[in-house]
Amino acid sequence: MSLITVRLGFLPLVDAALPILAKELGFAEEEGLDLVLVRDMSWATVLDRLLYGHSDAAHLVAPLAIATTLGLGRPAVSLSVPFVLGLNGNAITLRPELAAKVTDVGRSGDIIDIGSRMKALTLESKAAGRKLRLGVVHRYSSHNYMLRYWLSGSGINLSEDVDIVTISPPFAADALAAHEVDGICVGAPWNSVAVERGVGVVIATTSQIWRRGVEKVLAMKTARMDAEPETMNRLLRALYKAGVAFVDPSRLDEITTILSSRKYLDGSSAAIGRVVQDLVLFAQNADPVHVPDFMFQHREAANFPWASQAGWLYSQMVSAGHVTGNAEDYDLAQRVFRPDIYRAALGPLGVPLPGASAKIEGSITNPIGVGTTQGRLILGTDGFFDGSRFDPEAYRKQLENADFAQ
Amino acid sequence: MRIAVVDESPARGAVIAEGLEASGITDITVLVERHGLVAQIEKLSPDVVLIDLANPRRDELEELFAVSRAISRPIAMFVDQADEKSIEAAIDAGVSAYVVDGMKPERIRSVLDVAIKRFHAFSRLRSELDEARGQLAERKAIDEAKALLMKKRGLDEPGAYAALRKAAMDSGRKIADVADALLTADKLLGEL
């Protein structure tokens, strides 16, 4: 029996786990796929390979799928996201002497408290003639938008009080050490690298900013997905099974060994093992701290692409001035996420399928059962640090009114 | 036309630059250093920037180009829709090109063609070199394994080679792999 080849581009990050495990644990092959993983070192290249046919699908930062569909930074190409590869897993790391001013070094703290100290630090730096410089992985990334959301929610004026720049994660630790940046918001395992070297201290995780923050997605060209639906469905099933394995505690060593191997992350299995267990090393000689839901890859239908997640990202792109908000683009952005494909692909596995395609983000304060077309589903707290809610329909009305007002 | 070639491999950077010079362009700077790369490009203010796809700094550089759009010299990835084939060929070769706004497509096409040809040529050279190195390493391992067998089992050279070849055939492996395994085993056992 011949396997269908699917080339999937990825960056060596812990949250590329599902594609990697789909291949290495045999789930792709079970689904009749020869999954070929193509490792690259920048989102630009992962994206270009996807756009120009070198890869069939990609591990991608969610906002970039939306940006590309809207024609930002590249000519518009419609991308689809039928599967979310993971939530959160990112952290904000500052130079140690700065971290000491905003948090109890080595421990997890209160995000609101730390936010107000960040504001004080920001104004202090600005007054001393050198604005705080913070590096994020890409302008179209959850790292950027969640950092901005937290900073501005803490009273910091993003255009005047602080500089947010783009930094390549492999060089983030060096940049902190050389004082080229004062802080970074990057994904696992790069915060660990900086902390273990003693050049950075984690002050917060993005899971503290938004308990269910959309992070990496499986992206593919819509045309491709439409042309080969059965192949893509098989890929989704393989990834889902990889997720089941990922959260199985008895497979921790196996998973850590695979991820840290040379052809994948080529990194410290100790650091990677910590991340997989939601353990965060906040400072060099501290004990790792368990941060609930630090990296959330599978449970509670975490892989379901809620259109409201795309909606929230779009709203942040508007806040950042990356797009001028309008209702048509908002609809386009939300349609990038394809819950219908998720349901069609995973239905046969008998797994829980949410009935709704969007939700009010941040509204769940206690675990609650939600409507499903199959199976039972309980969603846990998904709050934003400031207690706010994102209602995707209300936001659309806001955009419509703004359009009308022009 | 001012061209910046960003390449972590000084050898490949030189090969590209040479190709561009041969096509008549004189203002070429090859940037190899990771450190201060963004600042260097900002200072140079090139018309065209060629970057290998594998460079981990592409995202930083694209951000620089995006921001520069707001300043005086907008620079974007060569994205004229009519030239999708060119971009595909470039990505195939492993290079990306960023071009200042307003540059005529024909001028870029020839630059890109040179870059693509040179990237491919360098790629071939590197494969040939890797293969030659590999063959050399294999040759060395086989010679060392033969010497070991000759010493430890009192075989002559043809006998030692025959032993290796038989072991390889019996286990369905390459002679070089069997040689490697023998040398490794000898090292480990020797330490007992």
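Give the value in nm², to one decimal: projected area of the alpha carbon convex hull of region A:333-378, averaged over all directions.
3.6 nm²
Across 10 Å bins from the origin, how do the percents of Cα pairs in chain A run, short distances first?
5, 24, 34, 26, 9, 1, 0
Averaged over peptide A:53-66, how many Cβ atoms belonging to another chain are found within 10 Å of each residue's Cβ?
1
Expressed as a rounded percentage, what relative contact order does region A:1-84 have, with Cα pairs under 8 Å and six or more residues apart? Before the final figure, lay out each step's value.
Working: 112 pairs, mean separation 25.7, N = 84.
Across region A:1-84, relative contact order equals 31 percent.
I'd like the Karplus ³J(HN,Hα) series for region A:321-329: coefficients 6.51, -1.76, 1.60, θ = phi - 60°, whole numbers in Hz, and an x wherever there's a Gly or Pro.
Taking θ as phi minus 60°, the curve returns x, 7, 9, 8, x, 8, 5, 5, 5 Hz for region A:321-329.
Arranged from highest to lowest average of other beta-carbon atoms within 10 Å per residue, in what order do the peptides A:331-340, A:89-98, B:130-139, A:392-401 appear?
Top of the packing list down: A:89-98, A:331-340, A:392-401, B:130-139.
Calculate how many DSSP beta bridges within the protein assembly as shown are antiparallel, expressed in % of all such bridges and rounded to the nearest 5.
Antiparallel bridges: around 60 percent, rounded to the nearest 5.
Give me a comma-separated list of calculated 3J(HN,Hα) values for region B:150-166, in order, Karplus coefficients 6.51, -1.76, 1.60 applied at θ = phi - 60°, integers in Hz, x for any Gly or Pro.
Once θ is set to phi - 60°, the couplings for region B:150-166 become 4, 6, 7, 10, x, 8, 8, 4, x, x, 5, 5, 4, 4, 5, 5, 5 Hz.
Could you work out the relative contact order of chain A, using alpha carbon pairs under 8 angstrom and six or more residues apart, expressed as a whole percent?
21 percent
Show that you can apply the helix-only estimate: for chain A, add -39,500 (n - 2.57) for every DSSP H stretch of four or more residues, divide by all residues, and state [θ] at 222 nm to the nearest 500. Present the calculation step by step, with values, prior to reporting the outcome.
Values: 18 runs with 168 residues, N = 406.
Using -39500 (n - 2.57) per qualifying helix, the result is -12000 deg cm²/dmol.
For A:LYS216, give me every one of the aspartates and glutamates with a C-alpha distance below 13 angstrom, ignoring sequence neighbours fewer than eight places off in its own chain.
Hits, sequence-local ones excluded: A:ASP15.
Among A:ASN285, A:ASN233, A:ASN144, whose mean-square fluctuation peaks in a Gaussian network model of chain A (Cα, cutoff 10 Å)?
Looking only at A:ASN285, A:ASN233, A:ASN144, the biggest GNM fluctuation is shown by A:ASN285.
Say R0 is 51 Å: what FRET efficiency, to the nearest 0.05, do A:ARG251 and A:GLN284 get from their beta-carbon distance?
0.95
Output ³J(HN,Hα) for region A:155-168: one whole-Hz value per residue in order, computed from phi by the Karplus curve 6.51 cos²θ - 1.76 cosθ + 1.60 with θ = phi - 60°, and x for Gly and Pro.
Going residue by residue, I get x, 8, 7, 5, 7, 10, 9, 8, 10, 10, 10, 9, 9, 7 Hz, with x marking Gly and Pro.
Within region A:5-163, what percent of beta bridges assigned by DSSP are antiparallel, to the nearest 5?
0 percent
In Å and whole numbers, how far do the C-alpha atoms of region B:80-192 stretch along each principal axis, longest first?
Largest to smallest, the principal-axis extents are 76, 28, 20 Å.
Take every Cα pair under 8 Å in region A:154-265 that's 6+ residues apart, average their separations, divide by the length, and report that relative contact order as a whole percent.
Details: 36 pairs, mean separation 13.8, N = 112.
Relative contact order, region A:154-265: 12 percent.
Given H placed on each backbone N at 1.01 Å, which residues far from A:GLY9 in sequence or on other chains put an amide H within less than 5 Å of it?
Hits under the 5 Å cutoff: A:VAL38, A:ASP56, A:ALA57, A:ALA58, A:HIS59.
I need the shape label for region A:142-189. Rule: rounded when a/c is under 1.5, else prolate if a/b > b/c, else oblate, with a, b, c from the alpha carbon gyration tensor.
It comes out oblate by the Cα gyration axes.
How many nm is it between the label spots at B:MET169 and B:LEU189, if each spot is 7 Å from the Cα in line with the beta carbon?
2.3 nm
With each pseudo-label sitting 7 Å past Cα toward Cβ, what's the B:LEU44-B:THR29 distance in nm, one decimal?
0.6 nm
Kindly rank A:234-240, A:220-226, A:59-65 from highest to lowest mean number of other beta carbons found within 10 Å of each residue.
The peptides rank, most packed first, as A:59-65, A:234-240, A:220-226.
Cut-off is 10 Å between beta-carbons; in what order do A:SER141, A:SER315 appear when sorted fewest neighbours first? Write out the running numbers ahead of the final one.
Numbers: A:SER141 27, A:SER315 21.
With the fewest neighbours first, A:SER141, A:SER315 line up as A:SER315, A:SER141.
Which pairs break 32 Å Cα to Cα here: A:LYS119/A:LYS263; A:LYS23/B:LYS174; A:LYS241/A:LYS359; A:LYS119/A:LYS241; A:LYS241/A:LYS397; A:LYS221/B:LYS117? List each step's numbers first, then the result.
On the way: A:LYS119/A:LYS263 41 Å; A:LYS23/B:LYS174 27 Å; A:LYS241/A:LYS359 25 Å; A:LYS119/A:LYS241 43 Å; A:LYS241/A:LYS397 39 Å; A:LYS221/B:LYS117 29 Å.
The pairs that break the limit, which is 32 Å between Cα atoms, are A:LYS119/A:LYS263; A:LYS119/A:LYS241; A:LYS241/A:LYS397.
Determine which aspartates and glutamates satisfy two conditions relative to A:LYS126: a Cα distance under 19 Å, and not lying fewer than 8 residues away in the same chain.
Here the aspartates and glutamates satisfying the reach criterion relative to A:LYS126 are A:GLU97, A:GLU160, A:ASP161, A:ASP163, A:GLU180, A:ASP182.
Starting from the amide H of A:VAL186, placed 1.01 Å from N in the peptide plane, find each other amide H under 5 Å away whose residue is 5 or more places distant or on another chain.
A:ALA91, A:THR93
Per-residue mean of other chain beta-carbon atoms within 10 angstrom of the beta-carbon, peptide A:128-139?
The shielding value for this peptide is 1.
So for each of B:98-109, B:175-186 I average, over its residues, the number of other beta carbons within 10 Å; can you give me the resulting order with the highest mean first?
Result, highest mean first: B:175-186, B:98-109.
Extension gain A:GLN398-A:ASP34, at 0.36 nm per residue separation less the Cα-Cα distance, in nm?
Length gained between A:GLN398 and A:ASP34: 126.4 nm.
Checking a compactness column here: for region A:265-314, what do you get for Rg(Cα) / (2.2 N^0.38 Å), N being the number of residues?
Taking the Cα Rg and dividing by 2.2 N^0.38 Å, one obtains 1.50.
Counting Lys and Arg as +1 and Asp and Glu as -1, what is the net charge of the other residues whose Cβ lies under 14 Å from the Cβ of A:ARG148?
Once positives and negatives cancel, what remains is -2.
Evaluated at 4 °C with a viscosity of 1.567 mPa s, what Stokes-Einstein diffusion coefficient in µm²/s does region A:275-406 have when Rh comes from the Kirkwood expression over alpha-carbon pairs? Intermediate values should be presented prior to the final figure.
Values: Rh = 16.9 Å.
Once the numbers are plugged in, D ends up at 77 µm²/s.
Quick one: if you take sqrt(5λ) for each eigenvalue of the C-alpha gyration tensor of region A:204-359, what semi-axes come out, biggest first, whole angstrom?
30, 22, 15
Evaluate peptide A:164-176: per residue, the Cβ atoms of other protein chains within 10 Å of its Cβ; return the mean as an integer. Intermediate results must be reported in sequence, preceding the final value.
Details: counts 0, 5, 10, 5, 9, 2, 3, 6, 0, 0, 2, 1, 0.
Averaged over the peptide's residues, the number is 3.
None of the figures in this text is laboratory data; all of them are computed from the coordinates on show. All figures in this text were calculated on a predicted structure; none of them were measured in a lab. FYI the Cβ positions are ideal-geometry reconstructions off the backbone, even for glycines, and counts take in every protein chain you see.
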